[in-house]
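The structure appears below as structure tokens.
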Amino acid sequence: MIGIKIDPRQLEEAQKVLAGFKSGVKKVTASALNNTLPGVRTEITNQLSGSTSDYSFKRGPIFKRIDLSRRPTKGEMLAGLRMSGKRMNLTDFPGTKQTSTGVEVNVKKSTGPQELPGFFINKAPRSGKRLVLGRPRNKATGRRYARYGEKGTGGKAWDNRPQEKGNATLLVRYAPAPEMVISTGENLPEVQTKISTRLAKELDRQIDRLLKIK
């Protein structure tokens, strides 16, 4: 969960300004947090997708993964949201393509296209979804098995079981989870700064609104 809370200094200032209002601080803080939450979802989505992002995630799937799960009630000073969802396929990223030696992907724009040697793209038999698949390595020789593994292993491209007792089943190579990417040191501080700015402006707006009502 990504938590959102009022800055203590701004809260102290709000308590001074709204000293004459019954439950004034509780009202404005709850409203400010609730109204900021949709903007937080936008900030996270923008960090991971779009023309200004360093990442190639599609905007729609990221937006849908974000759940505004903890909306505060009057008096609470904390709100939060969760990110969760199915694993994302590398074939969903623009530029993923088969090469003569593997599969080329570009999840992070600043690093440029990266090649996964020995991997290939194939369709899952039931869904028809294009997947990036890896040939497992022979533990003894270090070489990758042929397309469906060693003869007689019965390897299937759509089977995601761990390799056990010589099972050379192909495993799907997925993209890094957005939840992990947004939590890195290069992304989380930047997002938190933007969230704090949004929240501070919204709290000021709610205070002004309450003062005008009086």
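The values are calculated or read from the model by the stated rules, or taken from the named source; none is laboratory data. Just so it is clear, the model here is predicted, and its values are computed rather than measured. Cβ coordinates were reconstructed from backbone atoms using ideal geometry, including for glycine residues, and neighbour counts include every protein chain displayed. Calculation scope for accessible area: heavy atoms of the full protein, side chains included, ligands and nucleic acids excluded. Shrake-Rupley method; radii C 1.70, N 1.55, O 1.52, S 1.80 Å.
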Can you name every residue in the range 23-43 that is closer than 15 Å to I182 by Cβ and in contact with a helix residue (DSSP H, G or I) (Cβ under 6 Å, 6 or more places away or on another chain)? V40, E43
Report, by residue number, each residue of the range 15-35 that is open to solvent by less than 30 Å² (accessible area, probe 1.4 Å) and farther than 29 Å from D67 by Cα. L18
Considering every residue within the range 141-159, establish whether at least one is among the aliphatic types (A, V, I, L, M), modelled with pLDDT under 65, surrounded by 14 or more Cβ atoms within 10 Å (Cβ to Cβ) and more than 19 Å from the chain's Cα centre (by Cα). yes
Looking only at residues that are at pLDDT below 90 and open to solvent by less than 50 Å² (accessible area, probe 1.4 Å) in the range 161-214, which one is farthest from G118 (Cα to Cα)? L210
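Residues are listed down the side, and each one gets a yes or a no for (1) surrounded by fewer than 18 Cβ atoms within 10 Å (Cβ to Cβ); (2) at pLDDT 90 or above; (3) of a type outside the set (A, V, I, L, M, F, W, C); (4) assigned to a strand (DSSP E or B):
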site	(1), (2), (3), (4)
S53	yes, yes, yes, no
L68	yes, no, no, yes
K74	yes, no, yes, no
S100	yes, no, yes, no
V103	no, yes, no, yes
Please work out if D7 is farther than 18 Å from A177 by Cα and among the acidic types (D, E). yes
